[in-house]
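Worksheet: one structure, shown below.
The values are calculated or read from the model by the stated rules, or taken from the named source; none is laboratory data. Please read these numbers as outputs of a predicted model, since none were measured by experiment. All Cβ positions, even for glycine, are placed from backbone atoms using ideal geometry, and neighbour counts span all protein chains on display. Just the protein is used for accessible areas: all its heavy atoms, side chains included, with ligands, DNA and RNA removed. Shrake-Rupley method; radii C 1.70, N 1.55, O 1.52, S 1.80 Å.
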Amino acid sequence: MSILMMACTGHKNTDATGQKGTFSYEVDQFADLQILRYQVPGFESLSLKQKQLLYHLSEAGLMGRDILFDQNNRYNLVIRRLLETVYAEYKWDHGDVQFKALKVYLKRVWFSNGIHHHYGEDKFVPGFTPEFLTDCIKSIDASHLPLRPGQNVDQFMEEIYPVIFNPEIMSKKTVQSGEQDLILASANNYYAGGITQKEVEKFYDEMRNPNDSTPISYGLNSRLVKEADGRIVEKVWKVGGLYTEAIEKIVSELEKAVAFAENDTQKAVIEKLIAYYKNGDLRTFDEYAILWVNDTQSDVDFINGFTETYGDPLGMKASWESTVNFINKEATERTKVISNNAQWFEDHSPMDDRFKKKEVKGVTAKVITVAMLGGDCYPATPIGINLPNADWIRHIHGSKSVTIENITEAYDKASQGGGFNEEFVWSDAERELIKKYGFITDNLHTDLHECLGHGSGIILPGVDPNALKSYSSTLEEARADLFGLYYMGDAKLLELGLVPDKDAYKSEYYKFMMNGLMTQLVRIDLGKNMEEAHMRNRQLIARWVYEKGQADKVVELKKKDNKTYVVINDYIKLRNLFGQLLAEAQRIKSEGDYAAGQRLVEDYAVKVDPVLHAEVLERYARLNLSPYRGFVNPVMKEVKNAKGEVTDIVLDYTEGYTEQMLRYSKDYSFLPSYN
Ligand code: ZN
């Protein structure tokens, strides 16, 4: 429930030297992706001890890369290794179209941590032929190939080729909705052995104690497997369990980090995480999460572990991720103002009083600077994070919410120019608003979404927190977005000094509606439905307020020169509609109203208008922009003196995308090809 991805905007297709100032944000561009780099301002002025802490946490954050590949699909590691070997040992013309297509495919596999699109979830269609791949494989010494024990090259190809080339096999990473068995239909690796959705639900329903006021996040750190004899077994991801080869490395770096902890609280956080990686006990994980959320004093902070459950259609299994960061003190003043007024926002929200928190606890919000991204935060990166996810911990202990401003800044810098707003925004008036207020209001919406939105409201006593099942992610993101949207237009923000002008919010309203009704469609292939939770959420909100405001012409889709544009006629009424939908989204969560939640999502969030979709794709294609963006990390290095002592930690920003991916595959790869 807690990551916020960047809304879809455009960027300029510049060449490698395209620079803004002295720092070059653009690194690479291929398929539907652009790779950027981010700066880490303020790193140099940290103490050596803090830098060393960041260094070891960063190493720990890179050690788990293979885990995510394997979680996403059981063939991802073997395919990545095969392609990297082909890439390294290719003997013929590097300008060959087949080889170029293989390179693009490999770059996409790196980006998505597997063979399925990171956002659209569909399996990639390779641009090279099976015959070409066979020629490559046959030219390579068999001992360099990731074969199973005893497997020969022909058997290997027979096993792998359908996974790469047959679009019918493992076609979608996560199937989130529909009539079919969501577990069997999903190609990810959270469940195995042909276990059915019913069997999974029964297994965990029997574990859950409905009277437990501190419920365990069952299933969070394991694969559920149906063995050949029919027994159902949880294979826990821990030291000595599944993924032990990578987890031991993570633990070893965390153990080194302990020595550089800033204080005893932080030391306890790291030590508890180590204990959890060792015992795999979800009670220990909860203890860790509580310690972590209570550490608000340290400058350096991190996420490392099995965290978000978007990749599991049942919302239980968590993908591995890491971010390593430190506080941006100046920008944090802004979020302090928000969190200091959290109770005011809760009290004045349009939701029914029965669903309001009487006492808003511990909303700690800060703006951070990331120094390293790993696992499911890399290369596609969230711009805001709010954790922990367990509702009871949030209720009793609060949550920690962050806005990652060096990432939003890189997006903003890289987006200047490019012609996106010229193409899709209705008039100069809206373009001026966006130019003037876009960066401020984007960040503010993220702050409100993360630090107030997710944390607001209660679930009524006796309501199952999993009641909304596969619709929960979309509805939760919608609730948090609506909370932010509603308050963006409140006079309170001006009074608190958070916006420079009473009209600033209009920039965010316009961008949100344009994105939700139209421009985010550039990320979807023609004929496909909306799948990803954040995208569904945005369309749900935009379509709902558009429809409900139609009689009053609050928002219109107008034609000019045969092109469709979003036009907002009444910002005040639009705000009221956001408020109405917020009240309904909160009611659905508070009461666990599955049927109403299902209707909202299925009616507004899933289906795409094919005519508008085709138009948007056609207009977008002419701009030559990439709909998705991600980041390379800086290279973090220890500087040692003659005695071998570490005297400094430095950052290098010159590494390219392919270089970084190949280096990670060499230095941070510990799992077998099959797990
Ligand atoms: Zn969120």
**Prompt:** Can you pull out the residues in segment 372-409 that are more than 14 Å from the ligand (Cβ to nearest atom), closer than 21 Å to ILE216 by Cα, among the aliphatic types (A, V, I, L, M) and touching a strand residue (DSSP E or B) at 6+ places or on another chain (Cβ under 9 Å)?
**Reply:** ILE393
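Would you check if ILE169 is aliphatic (A, V, I, L, M), modelled with pLDDT of 95 or more and open to solvent by 20 Å² or more (accessible area, probe 1.4 Å)? Working first, answer last.
Details: aliphatic (A, V, I, L, M): yes; modelled with pLDDT of 95 or more: yes; open to solvent by 20 Å² or more (accessible area, probe 1.4 Å): yes.
Judged against the criteria, ILE169 is a match.
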**Message:** Please go through segment 436-453 and give me each residue that is polar (S, T, N, Q) and away from the ligand (no atom under 15 Å from the Cβ), ordered by number.
**Reply:** THR441
**Asked** Mind checking which pairs have a first residue in segment 333-351 that is farther than 18 Å from GLY497 by Cα and a second that is of a type outside the set (D, E, K, R), Cβ under 6 Å, 6 or more apart or different chains?
**Response** GLU346/VAL360; GLU346/SER456; PRO350/GLY579; PRO350/LEU582; PRO350/ALA583; MET351/ALA583; MET351/GLN586
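This table checks each residue for (1) out of contact with any Phe, Trp or Tyr (no Cβ under 7 Å at 6 or more places or on another chain); (2) assigned by TED's automatic domain parsing to the domain that holds GLY455; (3) free of Cβ contacts under 8 Å to residues at least 24 places away in the same chain; (4) assigned to a strand (DSSP E or B).
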position: HIS534; (1), (2), (3), (4): yes, yes, no, no
position: LEU540; (1), (2), (3), (4): no, yes, no, no
position: TYR546; (1), (2), (3), (4): yes, yes, no, no
position: GLN550; (1), (2), (3), (4): yes, yes, yes, no
position: VAL566; (1), (2), (3), (4): no, yes, no, yes
position: ARG575; (1), (2), (3), (4): no, yes, no, no
position: GLN580; (1), (2), (3), (4): yes, yes, no, no
position: ALA583; (1), (2), (3), (4): yes, yes, no, no
**Selection from segment 426-451 of residues that are in contact (Cβ under 8 Å) with a residue 60 or more places away in the chain, open to solvent by 10 Å² or more (accessible area, probe 1.4 Å) and in contact with a Ser or Thr (Cβ under 9 Å, 6 or more places away or on another chain)** = GLU430, LEU433, ILE434, LYS436, TYR437, ILE440, ASP442
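Scan segment 479-499 for residues that are assigned to a helix (DSSP H, G or I), of a type in the set (A, V, I, L, M, F, W, C) and away from the ligand (no atom under 16 Å from the Cβ) and jot them down. Spell out how you get there, then give the answer.
Filtering segment 479-499 down to residues assigned to a helix (DSSP H, G or I) leaves 479-488, 491-495.
Imposing the further condition that a residue be of a type in the set (A, V, I, L, M, F, W, C) reduces the set to 480, 482-483, 485, 488, 491, 493-494.
Once the filter is applied, which keeps residues that are assigned to a helix (DSSP H, G or I), of a type in the set (A, V, I, L, M, F, W, C) and away from the ligand (no atom under 16 Å from the Cβ), segment 479-499 yields ALA491, LEU493, LEU494.
Residue under question is ALA504, and the condition is that it be open to solvent by 30 Å² or more (accessible area, probe 1.4 Å), modelled with pLDDT of 95 or more and more than 26 Å from ASP609 (Cα to Cα); does it hold? First the steps, then the outcome.
Values: open to solvent by 30 Å² or more (accessible area, probe 1.4 Å): no; modelled with pLDDT of 95 or more: yes; more than 26 Å from ASP609 (Cα to Cα): yes.
The answer is no for ALA504.
Does segment 523-545 hold any residues that are away from the ligand (no atom under 16 Å from the Cβ) and open to solvent by 10 Å² or more (accessible area, probe 1.4 Å), and which are they? Outline the logic, then answer.
The initial filter retains those residues of segment 523-545 that are away from the ligand (no atom under 16 Å from the Cβ), namely 523-531, 542-545.
Of everything in segment 523-545, those that are away from the ligand (no atom under 16 Å from the Cβ) and open to solvent by 10 Å² or more (accessible area, probe 1.4 Å) turn out to be ARG523, ILE524, ASP525, LEU526, GLY527, LYS528, ASN529, GLU531, ARG543, TRP544.
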**Asked** Taking segment 454-478, which residues are assigned to a loop (DSSP other than H, G, I, E, B) and within 16 Å of the ligand (Cβ to nearest atom)?
**Response** HIS454, GLY455, SER456, GLY457, LEU468
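Could you go through segment 180-187 and let me know if any residue there is assigned to a loop (DSSP other than H, G, I, E, B), free of Cβ contacts under 8 Å to residues at least 12 places away in the same chain and under 28 Å from the mean Cα position of the chain (by Cα).
Scanning segment 180-187 turns up at least one residue that is assigned to a loop (DSSP other than H, G, I, E, B), free of Cβ contacts under 8 Å to residues at least 12 places away in the same chain and under 28 Å from the mean Cα position of the chain (by Cα).
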**Item:** Pairs with Cβ under 7 Å, 6+ apart, first in segment 44-68 and in contact (Cβ under 8 Å) with a residue 24 or more places away in the chain, second of a type in the set (A, V, I, L, M, F, W, C) and open to solvent by 30 Å² or more (accessible area, probe 1.4 Å)
**Value:** LYS49/PHE260; GLN52/PHE260; GLN52/VAL646; LEU53/PHE260; HIS56/PHE260; ASP66/PHE670
